[in-house]
Amino acid sequence: MNAQAPAAALLPPLLNRERAILEFNRRVLAQARRTDVPLLERLRYITIVSSNMDEFFEVRFADALEAMRAAAGGGPQRDALRQVAADAHGLIDEQYAVLNDDITPALQREGVFIVNHAERTDAQRAWVGRVFEQQVRPLLVPVGLDPAHPFPLVANKSLNFIVQLGGTDAFGRENTIAIVKVPRALPRVFAMPRELCASGTQAFVLLTSVIRAHLQTLFPGRAVESFSQFRVTRDSDLEVDEEDVANLRQALRTGLTTRHFGLAIRLEVVRSCPEPLWRFLLDQFSLPDEALYRVNGPVNLVRLNQLIDQVDAPQLRFSPYEPAWPQAQWPRGESVFACLKRHDVLLHHPFESFEPVVQFLRDAVADPDVLAIKQTIYRTGSESVLMDLLLEAARNGKEVTVVVELKARFDEEANINWAERLEAVGAQVVYGIVGFKTHAKLLLVTRRETGGRGQPVMRRYAHLSTGNYNPRTARLYTDVGMLTSDAQLTADADGVFHQLTSLTRVPAQRALVTAPFALHRRMMSHLDEVARAARSGQPARVVVKINALTDPALIGAIVEAGQAGAQVDLIVRGACMLPPGLPGVTDRVRVRSVVGRFLEHTRVIYFRWGPGDSDEVLYLSSADWMGRNMFRRIELAWPVRDPAMRQRVIDECLVPYLHDGRDAWQQAADGRYTRVGERGPSAQVALMHLHGTVG
């Protein structure tokens, strides 16, 4: 008799992706309200929200707007976009309320003041006047508008002033509007000399306040009747037809010069801006009223990072944390190659140091028996010890191959510069596959060694990671990396590089799972195995820790596994489009998000479909569960096969986050989140104490 076919899964309507991103930023903003977070770090969370919202408008909202226009701009799509815009307005209003009502008064109680013009003493005003005349005014070019002086090009996210003038100009005409563009080179925050501050206090002046106090001096003979700061956010995706360019690097470098002047998406002005001025600006940028954001403070809160960096108050920052070298796995001073011949090394950043990754490459560069080094580069920063080591390796005559992803959003210029420097010293540089971003994190070293009977053999060593080759962000993002000499993993890694450089087919991978070829299919297959086990009464479990869950097919397979009886826990830092907790639909699926001191970036996937040791698998991966990662990027996932190492990943990357009672948020079926608790354990704090030293 045939087994009864499983019932079709009841698939819930998916949550809106843009609103899910805004919900994530609400969780970040909630960090700014937490009294257990040091005050300057609370301010930093406000700046992080501003930076995130800039990218949201530059990329996500711009894409949604374009999709709506392509669909003739009507019906449910327009309504959904309006709701997203309304949510964004509410979030930004809340952000400024936290700044003005919570953070600023708290800073003042700690003796840190942002002093506006009305509050300054005569001596302070004199000092500000000197700052304006010596540092600011020489770089300002006020432009009065008339037919010969059209509205100037205003760059994306640049600071500007619009001014309403009274009287007539030098030629007797009544041109009433002027624009003052503020160069990016000017500091946004000035620290007052201590002798001008009250005893025991620190005072700062914002650049906008310096200019505002002296606007009149820019227009002698005219009356400044009204004015406002303003800032426009533009569509910042680089549109390059990769199929139709002979040199992608040159095409992108050309595109970078025009990125700052893409389609306007959002206009920010201060709340006191008179309606005639903001309506004039909306007309200039061809924006509807919904695109106007009237804010209660500076139009770019990201620049308050300069204030955070200048305040002399260590007690208002997180306690210093020093990650440890993994001494038990790799004794300091030992050759990495000798170590990896014994066992793999697992690194959990930022709780453990990123220095072993740097040392791995440093050893490879210095070792005369290392003949070839291959590495993928996605985000490495404008300054990078790793890139400097690759340059040194190429100069020393080693075969260096670097796959540089030129279209890593907002890192294009840094990556282009590194590509050109590497090519100049003889490294082989390629840019991946046309139409696919290379998002995999992979470093492969080939070394000549002595094998059996004294014969020379080539042995490979690799580093695989869930995160980028960026030592700075490795201190801020949670990621897992693995150093290995496993023959299957390193052979598969060599196959990935061969495919990226030659564009040919490679033999089937034995250990690595790659996108866009097999990763989505493998994850779907495992979810199906879990569902089958659950239907037959076997242990069935799914735990996924990723940054975003938006792929409809994977969401459907998760829902089906839950409806079959599997227990499903999703730890999704950012956007999750699966609505958990719907009775009879997703009531066995739980979704939580952890937002703490470090940015959660680790991708760990665990499946169990039976009682035996062979009935479970755990992967580390560079990929989120999004369509772009599965089908439009080169991504990697690899199984952790050593039982002790697999248990360590479970114990550090999954279990503490499932039991976090301080930094965790639980998602409801409507997409909203509730903080789990305030006094429970924190996964990040526990891991800091486990691996490093908290100052």
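The values are calculated or read from the model by the stated rules, or taken from the named source; none is laboratory data. For clarity, every value in this text was computed on a predicted model and none was experimentally measured. Reconstructed Cβ throughout: ideal geometry from the backbone, glycine too, with neighbour counts over all protein chains shown. These accessible areas exclude ligands, DNA and RNA; they are computed on the full protein's heavy atoms, side chains included. Shrake-Rupley method; radii C 1.70, N 1.55, O 1.52, S 1.80 Å.
Of all residues in region 420-444, how many are closer than 24 Å to ARG603 by Cβ and assigned to a strand (DSSP E or B)?
Qualifying residue count for the region: 7.
Over 30 Å from ALA191 (Cα atoms) and open to solvent by 30 Å² or more (accessible area, probe 1.4 Å), is that true of PHE151?
Spelling it out, PHE151 is indeed over 30 Å from ALA191 (Cα atoms) and open to solvent by 30 Å² or more (accessible area, probe 1.4 Å).
Exactly one condition in (1) open to solvent by less than 10 Å² (accessible area, probe 1.4 Å); (2) more than 21 Å from ARG17 (Cβ to Cβ); (3) of a type outside the set (D, E, K, R) is false for LEU549; which is it?
Every listed condition holds for LEU549 apart from (2).
Pull up region 597-622, narrow it to residues that are over 24 Å from ALA533 (Cβ atoms) and not charged (D, E, K, R), then point me to the one that is surrounded by the fewest Cβ atoms within 10 Å (Cβ to Cβ). Talk me through it step by step, then tell me what you get.
As a first pass, look at region 597-622 and keep what is over 24 Å from ALA533 (Cβ atoms): 597-602, 622.
With the extra rule that they be not charged (D, E, K, R), the set shrinks to 598-599, 601-602, 622.
Working: PHE598: 22, LEU599: 18, HIS601: 22, THR602: 25, SER622: 28.
Only one residue fits best here, namely LEU599.
Would you mind stating whether LEU406 is under 16 Å from LYS374 (Cβ atoms) and touching a helix residue (DSSP H, G or I) at 6+ places or on another chain (Cβ under 9 Å)?
Working: under 16 Å from LYS374 (Cβ atoms): no; touching a helix residue (DSSP H, G or I) at 6+ places or on another chain (Cβ under 9 Å): yes.
Taking the combined requirement at face value, the residue does not satisfy it.
Would you mention how many residues in region 663-684 are open to solvent by 60 Å² or more (accessible area, probe 1.4 Å) and touching a strand residue (DSSP E or B) at 6+ places or on another chain (Cβ under 9 Å)?
Number satisfying all stated conditions: 3.
Could you tell me whether region 409-431 includes any residue that is within 28 Å of ASP344 (Cα to Cα), out of contact with any Pro (no Cβ under 6 Å at 6 or more places or on another chain) and of a type outside the set (Asp, Glu)?
No, there is no match, as no residue in region 409-431 is within 28 Å of ASP344 (Cα to Cα), out of contact with any Pro (no Cβ under 6 Å at 6 or more places or on another chain) and of a type outside the set (Asp, Glu).
Being in contact (Cβ under 8 Å) with a residue 60 or more places away in the chain and crowded, with 22+ Cβ neighbours inside 10 Å is the filter here; which residues of region 445-465 pass it?
VAL445, TYR461, HIS463, LEU464, SER465
Step by step: first the residues of region 466-510, then only those that are among the small types (Gly, Ala, Ser) and open to solvent by 40 Å² or more (accessible area, probe 1.4 Å), then the one that is nearest to ASN629 (Cα to Cα). Which residue is that?
For region 466-510, the residue satisfying everything is ALA508.
Looking only at region 296-309, decide whether some residue is surrounded by fewer than 17 Cβ atoms within 10 Å (Cβ to Cβ) and under 30 Å from GLU399 (Cβ atoms).
No, region 296-309 has no match at all.
State all residues of region 120-142 that are of a type outside the set (S, T, N, Q), within 17 Å of LEU186 (Cβ to Cβ) and surrounded by 14 or more Cβ atoms within 10 Å (Cβ to Cβ); if no residue qualifies, say none.
Narrowing region 120-142 to residues of a type outside the set (S, T, N, Q): 120, 122-123, 125-133, 136-142.
Okay, now just the ones that are also within 17 Å of LEU186 (Cβ to Cβ), so 127-133, 136-142.
Listed by number, the residues that qualify are TRP127, VAL128, GLY129, VAL131, PHE132, VAL136, ARG137, LEU140, PRO142.
Considering only residues of region 324-350 that are touching a strand residue (DSSP E or B) at 6+ places or on another chain (Cβ under 8 Å) and open to solvent by 20 Å² or more (accessible area, probe 1.4 Å), which is nearest to HIS691 (Cα to Cα)?
Of all residues in region 324-350, those touching a strand residue (DSSP E or B) at 6+ places or on another chain (Cβ under 8 Å) come to 324-326, 329-330, 336-337, 339-340, 344-350.
After this cut, where a residue has to be open to solvent by 20 Å² or more (accessible area, probe 1.4 Å) as well, the list is 324-325, 329, 344.
On the way: ALA324: 6, TRP325: 9, GLN329: 13, ASP344: 18 Å.
The extreme case among them is ALA324.
Mind checking which residues of region 414-437 are open to solvent by 30 Å² or more (accessible area, probe 1.4 Å), of a type in the set (A, V, I, L, M) and at pLDDT 90 or above?
If we filter region 414-437 for residues that are open to solvent by 30 Å² or more (accessible area, probe 1.4 Å), which is where we start, we get 417, 420-421, 423-426, 428, 431, 433-437.
Next, from what is left, pick out any that are of a type in the set (A, V, I, L, M): 424-425, 433-434.
Those that are open to solvent by 30 Å² or more (accessible area, probe 1.4 Å), of a type in the set (A, V, I, L, M) and at pLDDT 90 or above: ALA424, VAL425.
Just name the residue that is most open to solvent (accessible area, probe 1.4 Å) out of those in region 351-375 that are part of a helix (DSSP H, G or I) and among the acidic types (Asp, Glu).
Of all residues in region 351-375, those part of a helix (DSSP H, G or I) come to 355-366.
Imposing the further condition that a residue be among the acidic types (Asp, Glu) reduces the set to 355, 363.
Numbers: GLU355: 65, ASP363: 33 Å².
Filtering first and then ranking leaves GLU355.
Please verify whether ARG633 is surrounded by fewer than 21 Cβ atoms within 10 Å (Cβ to Cβ) and either within 30 Å of GLY692 (Cβ to Cβ) or under 20 Å from the mean Cα position of the chain (by Cα) (or both), treating the condition exactly as stated. Show your work before the answer.
On the way: surrounded by fewer than 21 Cβ atoms within 10 Å (Cβ to Cβ): no; either within 30 Å of GLY692 (Cβ to Cβ) or under 20 Å from the mean Cα position of the chain (by Cα) (or both): yes.
The answer is no for ARG633.
Any chance region 412-419 includes a residue that's part of a loop (DSSP other than H, G, I, E, B) and more than 21 Å from ARG633 (Cβ to Cβ)?
Within region 412-419, the subset part of a loop (DSSP other than H, G, I, E, B) is none.
No, region 412-419 contains no residue that is part of a loop (DSSP other than H, G, I, E, B) and more than 21 Å from ARG633 (Cβ to Cβ).
Residue by residue through region 487-545, note down the ones that are in a helix (DSSP H, G or I) and of a type in the set (D, E, K, R).
Initially, region 487-545 is screened for residues in a helix (DSSP H, G or I), giving 487-502, 519-535.
Listed by number, the residues that qualify are ASP492, ASP494, ARG521, ARG522, ASP528, GLU529, ARG532, ARG535.
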